[in-house]
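For reference, the structure discussed in these notes is given below.
Please treat every number below as a calculation from the coordinates, not as lab data. As the structure is a prediction and not an experimental result, all values here were calculated from the model. Ideal geometry is used to build each Cβ from the backbone, glycine not excepted, and the neighbour counts take in all protein chains shown.
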Amino acid sequence: MTLKVDSELCVGCGLCVGSYAGAFEFDEEGKAKVVGDLDETTAEEAIASCPAGAISK
Ligand code: SF4
């Protein structure tokens with residue numbers, strides 16, 4: 001599953017980048033960006049774990 005990050009909501013905490021390194025990286029503004037896919041279960045975890053609610057399907 002390919003997720004989306006709303007850069008307006010992302011606070012750059014790094015949780016998704018640290019936890020799902022193949023799927024998220026920081027962009028040049030220190031916000032997360034999507035760089036890979038996650039399986040369904042892991043994607044749901046990533047969505048639920050973002051403190052800013054910035055990750056969505
Ligand atoms: S977990 Fe959420 S707020 Fe933190 S870097 Fe990822 S998208 Fe941004």
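General remarks:
- Among residues of segment 1-22, those that are in a loop (DSSP other than H, G, I, E, B) and of a type outside the set (Gly, Ala, Ser), counted: 10
- Filtered by the rule that a residue be surrounded by 13 or more Cβ atoms within 10 Å (Cβ to Cβ), of a type in the set (Gly, Ala, Ser) and within 16 Å of Thr2 (Cβ to Cβ), segment 13-30 gives a lone residue, Ala23.
- As a summary of the residue check, Thr2 satisfies the conditions (1) surrounded by 15 or more Cβ atoms within 10 Å (Cβ to Cβ); (2) touching a strand residue (DSSP E or B) at 6+ places or on another chain (Cβ under 7 Å) except for the one numbered (1).
- Residues of segment 31-53 that are surrounded by 13 or more Cβ atoms within 10 Å (Cβ to Cβ) and in a loop (DSSP other than H, G, I, E, B): Lys31, Val35, Leu38, Cys50, Ala52.
- Test: Gly22 is of a type in the set (Gly, Ala, Ser) and near the ligand (Cβ under 6 Å from one of its atoms): no
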